[in-house]
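Please read the structure below before turning to the comments.
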Amino acid sequence: MEAEGVIKFQLYWRPGSAASALEIAELEAWRRRFRALGVLGQEPDRYGGVGFGNLSRRNGASFWITATQSGALPELGPGGYSRVESWDLAANAVWATGPARPSSEAMSHAAAYDRRPEASWVFHVHAPELWRAAPSLGLPATAADIAYGTPAMAEAVAELVAGAALPCILQMRGHEDGILAIGSSAESTGRALLRAMAEAAAEIPPQPSRALRR
């Protein structure tokens with residue numbers, strides 16, 4: 001599995017204006033919810049202590065996305081988002097502006113928006129139970145040998161979302177615990193993800209604690 005949080009695409013970033021409070025209000029609300037559920041954040045004993053999870057929303061021809069390595073912060077505010085203005089999937093390049101650099105998963109978000117013009121929200125979380133239950137739940141999945149942040153991952157996400165009904169939930173099989181939720185509204189996207197997580201919890205018994213596994 002690949003290490004979390006490393007930007008692999010070619011990033012062309014310049015400082016710029018922050019998002020308005022209204023533009024990020026729903027992102028902040030769902031981010032708080034996902035942090036409370038432990039599928040977004042930063043913990044010493046997960047992924048080498050690196051932040052995980054990121055959210056975005058379409059903004060015309062661009063999109064706002066949470067900043068890279070911002071998982072530890074309980075609230076981001078306008079200064080914690082980057083605006084991805086354009087991208088080139090084949091060249092693995094992203095052009096962004098704003099007060100912060102974009103998440104390392106920006107290319108996967110771009111692929112979804114690129115392929116589905118009606119998609120306006122992408123939520124990427126790290127949900128171990130849902131990731132493990134993905135095959136039994138019949139979730140579409142990228143191949144296990146495709147790493148996050150690569151042109152191959154962007155193309156795989158684009159192909160999967162192209163034929164899916166929105167909102168859709170995708171498993172990133174080569175990215176430990178990685179799940180993408182893509183939809184046309186924040187509410188429908190978030191609710192679809194919560195439903196899938198609930199179904200996964202019913203499918204797979206809880207894992208024993210670290211102490212019990214020793």
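The values are calculated or read from the model by the stated rules, or taken from the named source; none is laboratory data. Source: prediction; values computed, not measured. No Cβ is skipped: glycine too gets one built from the backbone with ideal geometry, and neighbour counts run over all protein chains shown. Protein only, heavy atoms only, side chains kept; ligands, DNA and RNA dropped before computing areas. Shrake-Rupley method; radii C 1.70, N 1.55, O 1.52, S 1.80 Å.
A few remarks follow.
- Choice from Ala154, Ala36, Ala96 with maximal GNM fluctuation in the chain (Cα, 10 Å cutoff): Ala36
- Our note on the geometry: Cα centres of the stretch 9-87 and the stretch 123-168, 19 Å apart.
- Local net charge near Ala158, Cβ-Cβ under 11 Å (Lys/Arg +1, Asp/Glu -1): -1
- For the stretch 119-181, the solvent-accessible area with a 1.4 angstrom probe is 31 square angstrom per residue.
- Length gained on full extension, Ala36 to Ala162, computed as 0.36 nm times the residue gap minus the Cα-Cα distance: 42.3 nm.
- Overall, the accessible surface of the chain at a probe of 1.4 angstrom is composed of carbon and sulfur to the extent of 53 percent.
- Helix 21-37 and the longest principal axis of the Cα set of the chain meet at an angle near 20°.
- Residues of the stretch 42-72 with an amide N closer than 12 Å to a point placed 7 Å from the Cα of Ala29 along the Cα-to-Cβ direction: none.
- Angle of helix 106-115 to the longest C-alpha principal axis of the chain, folded into 0 to 90 degrees and rounded to 10: 80°.
- Label-point gap, in nm, between Glu203 and Leu73 - each point 7 angstrom along Cα→Cβ: 3.4
- Structure-derived mean projected area of the Cα convex hull in nm² - corresponding label in [x] 11.7; [y] 11.0; [z] 13.0: [y]
- Between helix 128-137 and the chain: long-axis angle, C-alpha atoms, 0 to 90°, nearest 10: 80
- The DSSP beta bridges internal to the chain are antiparallel in roughly 80% of cases.
- Spin-label model, Asp145/Glu118: points 7 Å from Cα along the beta carbon direction are separated by 3.5 nm.
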